[in-house]
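Heads up, the thing below is written out as structure tokens.
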Amino acid sequence: MKQTYIFFADGLEEIEGLTVVDLMRRAGLPVTIVSISDSLEVTGSHDIRIKADALFKDTDFSDGAMFVLPGGMPGTTHLAAFGPLRELLIRSCAEGKYVAAICAAPSVLGDLGLLKGKKAVCYPGFEDKLTGAAVGMEPAVVDGNIITSRGMGTAIDFSGELIALLAGRETARKILSSVLHRSLS
């Protein structure tokens, strides 16, 4: 099964992280919430406490097919500053594994040079941090192994694209239809 790791840091946007986890699990896809701190408890930007499944320092990511960054502030700043995560993202992208980010978090990918020559989207106001990307306005964009999305309001679209990549578009359509009563295009 294609393993997904989603990285939570204090100050994340809860909807962006938990929507991915919820919808991927509904699709039967394995997804592990990884705390980048020394605590399994992560506090989101709206004071919602979330218990992660694993600590970064204790996790072997070799089975990962997809690596996801939720946005939010200061969560995105914490993700960007965490050296081991930066190294993992660079290596995973070079290996052709999926790397995904939503809201402010595509700025982390831009800073790492992973968006050069790619189409990408982000939260309004962060476009200048998508270094080397052709910036669009779509809810979610897939360009090769990079997936980006605009923010909280596009978290379901983003999750649908992630599911489509790992389980097929028909599975994504079924999941989105079951929660929204509409389909992924």
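Every number in this text was worked out from the coordinates using simple rules, so none of it is lab data. All figures in this text were calculated on a predicted structure; none of them were measured in a lab. Counting neighbours? That spans all protein chains shown, and the Cβs are built from the backbone with ideal geometry, glycine included.
Scan segment 108-123 residue by residue and report those that are in contact with a Gly (Cβ under 8 Å, 6 or more places away or on another chain) and not hydrophobic (A, V, I, L, M, F, W, C).
Correct list: Gly110, Gly113, Lys116, Gly117, Lys118, Lys119, Tyr123.
Restricting attention to segment 74-121, which residues are assigned to a loop (DSSP other than H, G, I, E, B), within 17 Å of Val135 (Cβ to Cβ) and either of a type in the set (Gly, Ala, Ser) or more than 11 Å from the chain's Cα centre (by Cα) (or both)?
Ala104, Ala105, Leu112, Gly113, Leu114, Leu115, Lys116, Gly117, Lys118, Val121
Which members of segment 10-46 meet the condition of being under 16 Å from His78 (Cβ atoms) and part of a loop (DSSP other than H, G, I, E, B)?
Passing the criteria: Asp10, Gly11, Leu12, Glu13, Ile36, Ser37, Asp38, Ser39, Leu40, Gly44, Ser45, His46.
The conditions are (1) among the acidic types (Asp, Glu); (2) farther than 23 Å from Pro30 by Cβ; (3) assigned to a helix (DSSP H, G or I), and Asp157 fails exactly one of them. Which is it?
Among (1) among the acidic types (Asp, Glu); (2) farther than 23 Å from Pro30 by Cβ; (3) assigned to a helix (DSSP H, G or I), the lone unmet condition for Asp157 is (2).
Identify the residue in segment 49-73 that is within 18 Å of Val121 (Cβ to Cβ) and not in a strand (DSSP E or B) and, among all such residues, is nearest to the chain's Cα centre (by Cα).
Step by step, filter segment 49-73, then rank; the result is Pro70.
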